[in-house]
Structures are given as structure tokens and as C-alpha cells.
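What follows is a set of notes on a single structure, which appears directly below.
Just so it is clear, none of the values below were taken in a lab; they were calculated from the coordinates. For clarity, every value in this text was computed on a predicted model and none was experimentally measured.
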Amino acid sequence: MSVPTPENTLSPAGRFAPSPSGDLHLGNLRTALAAWGFARTTGHRFLLRVEDLDRVKKGAAERNVADLRELGLDWDGPVALQSERIPQLLDRVRTLTDAGLTYECYCTRREIHAAASAPHGIPGAYPGTCRELSAAQRERRRAQRPPALRLRADVTEFTVRDELAGPFTGAVDDMVLVRNDGTPAYNLAVVVDDAEQGVDQVVRGDDLLPSAPRQAYLASLLGHPAPSYAHVPLVLGPSGQRLAKRDGAVTLRELRELGYSAQDVLEWLGSSLGIEHPVRSTADVLEHWDPSAWPREPAVFKPWPGLPGAVDPEG
């Protein structure tokens, strides 16, 4: 079952959508470059959207935008703030509710974790505890705790096709659409914003690949086709763990303070995407654009000369 959706006449777009929880590190910048390159080489608009519904650090969004500009990335139209679209997001939830596709959930995170950790439970998946509560039960629970709003899914898995990973089938559960503080949840916001901004090309880190099936399924309920996906392998630190502050200077700002230029960073990003030619500008990235040659394994950032534990970046 799907619900009516507003007609979208926007031209196709790709996007980069950071959460302003801190400065962008090399992994974020690499994904931004990949998303920009995919859009620019396929005739898409390229949008920049700040997903600021939670985990917002003061000044981070402005620094994120400045770093992208310094690398030479550009985008079409103004920077969009997700927080400015809360009324539209909640309106789409009301449409789902009117179609009988939502229900109230009163579970705490601890209760959900305990149920999912039980024998035969799917890690992280919601077990449906509140799905069939009676009206009386809902009234009692509502007096104790404000409810979140969940999707009433009628599938347990969904398949998407990824440009880099190929077909991927992942689990779908009754995902949260609105948190119990009334804020739209991530999965709802990203699906609605992409669809209503004309985004039909989603390039992001491959840690989000498991989210793609549930988001594509939600898009189908809202009457939107699933976007094309390309999930890019992450950047890891020297220890093989996901890149983080523990790995030293990993942001553009930190590297510039140590004497490296935005061009140096851009060249490393291009090399990590399999570009063997010198990369001194984003024009060089487009000239040698070839996702089929990209490494399918995570990139490893080894500290450059002048950084603690430094090694030759070409070594």
C-alpha cells in the first residue's frame, strides 16, 4: 500500500548531507567528493543539505560548508537546513497515519535492546512490542511516557541495487518516524527530503548500506521510486579502525594548521578513489573520473610527514 505524494517536477539531483556534529574528517570529505563527482559527471544538480535535527555542534555547519568550498566543491542553490522542513516532514507522517501505516510506541531503548538481544532476535530491529496494543493499553502507556511513532511495515526485507556493491537485500522493521519528543527521525527525514528535493542519486559511506533497504521501502510507501545508490567504502585509521580524532590530524582545518594545503588534501582524496594522475583541482577529478576503478576496500589514512607516526603518503 502506498500513499498519495505531491508531484515532483524538479530535475534530478545528487547530494551531500552532513550532520553538523563536528568538523568533517577525511572520510566525510572523500564521500562529499564522490557524491559531487557522480552528480557532475551524470548531468545531475548537486545539493548540499545540513541534517541538523539532532547532534548539532555550534558553528559546525558553517565550518563544514567552508571546508567543502575550500576543496573546490560547488553546489546548486542555497544550502538547505533539514530543521527548516519539520512541518513538511510531519505532514508526510500524517499522510502515513491516515493510511493506517503508523502506530504509537512507548518502549524505552533498554526495552528494545533487551527484546532484540533475546534468542532469535534481530540485532537492532524493533520486535513489534507496541504494534497491536489495545486502545486501553495505549491510553495507560501514554500516561506514563510520551510515544514515538513507528511505521507499520508489511515486509521484513527489501532489495536495492548499489552502483558499487551490486544487489543488496536488507532487513526492514517498524522504524521510528517521529521520536517521542516530536522530532522527525532520520530515516523519515532523509527519505522525504531526498524525494521532495529531486534527489534520485544517493552517494554516501558504506556504513549506511544496511539502511538503504528500509529507506527505499519507506520511499515506496510514500509513492516515490528508490534513488540509485552508491555506497563508498570508509576511510580507516592506521590501526584499521574507523577514522577518528584518536588518529591525530584528520580534518582539513587540522591539516592546514600543520602546513598542508587544501590541494594536498584533495590530491590524497583523489588518490584514495583510484585516480592515478595528479589531482590539483576538482577539474582533475572530473577529467579522470572512473568509479569502476575505485578500490572496493576501505581506504587507510597514514599520517603524512610532520604528523605523529608519520609515513610517506606515497608509501
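Which of rounded, prolate, oblate describes the stretch 86-215, given a ≥ b ≥ c as roots of the alpha-carbon gyration tensor eigenvalues and a/c under 1.5 marking rounded, otherwise prolate only if a/b is larger than b/c? Don't skip to the answer; put the middle values down first.
Working: a/c = 2.21, a/b = 1.36, b/c = 1.62.
Taking the square roots of the gyration eigenvalues as a ≥ b ≥ c, the stretch 86-215 is oblate.
So which aspartates and glutamates pass the test for Lys57, namely a Cα distance under 14 Å, with those fewer than 8 places away in the same chain ruled out?
Asp23
Please state the shape class of the stretch 34-86: rounded when a/c is under 1.5, otherwise prolate if a/b exceeds b/c and oblate if not, all from the C-alpha gyration tensor. Walk me through the numbers before you get to the answer.
Values: a/c = 2.58, a/b = 1.54, b/c = 1.68.
Judged from the Cα gyration tensor, the stretch 34-86 comes out oblate (a/c at least 1.5, b/c at or above a/b).
Would you please give the residues with an amide H less than 5 Å from that of Gly205, counting only those at least 5 places away or on a separate chain, with H modeled from the backbone geometry?
Amide H neighbours of Gly205, under 5 Å, 5+ apart: Val232.
How much of the DSSP beta bridge set in the chain is antiparallel, as a percent to the nearest 5?
On the way: 15 of 32 bridges.
In the chain, approximately 45 percent of DSSP beta bridges are antiparallel ones.
Given the convex hull of the Cα atoms of the stretch 140-198, what is a quarter of its surface area in nm²?
Values: hull surface 22.9 nm².
So the Cα hull casts an average projection of 5.7 nm².
Would you list which aspartates and glutamates come within 12 Å of Lys302, measuring only between C-alpha atoms, while excluding same-chain residues fewer than 8 positions from it?
Output for Lys302: Asp247, Asp312, Glu314.
Which cross-chain or sequence-distant (5 or more) residues have an amide H under 5 Å from the amide H of Leu81, H modelled 1.01 Å from N in plane?
Long-range HN contacts for Leu81: Val50.
Return the sequence-ordered ³J(HN,Hα) values of the stretch 137-152 in whole Hz as given by the Karplus equation 6.51 cos²θ - 1.76 cosθ + 1.60 applied to θ = phi - 60°, using x for Gly and Pro.
Karplus-based 3J(HN,Hα) across the stretch 137-152 equals 5, 5, 5, 5, 5, 5, 6, 9, 7, x, x, 8, 10, 10, 6, 8 Hz.
How are the C-alpha pair distances of the chain spread across 10 Å bins, as whole percents from the shortest bin up?
Cα pair-distance distribution for the chain, in percent: 6, 24, 32, 23, 12, 3, 0.
With both partners inside the stretch 178-308, how many of the DSSP beta bridges are antiparallel, as a percent to the nearest 5? Don't skip to the answer; put the middle values down first.
Values: 2 of 9 bridges.
The antiparallel fraction comes to roughly 20 percent.
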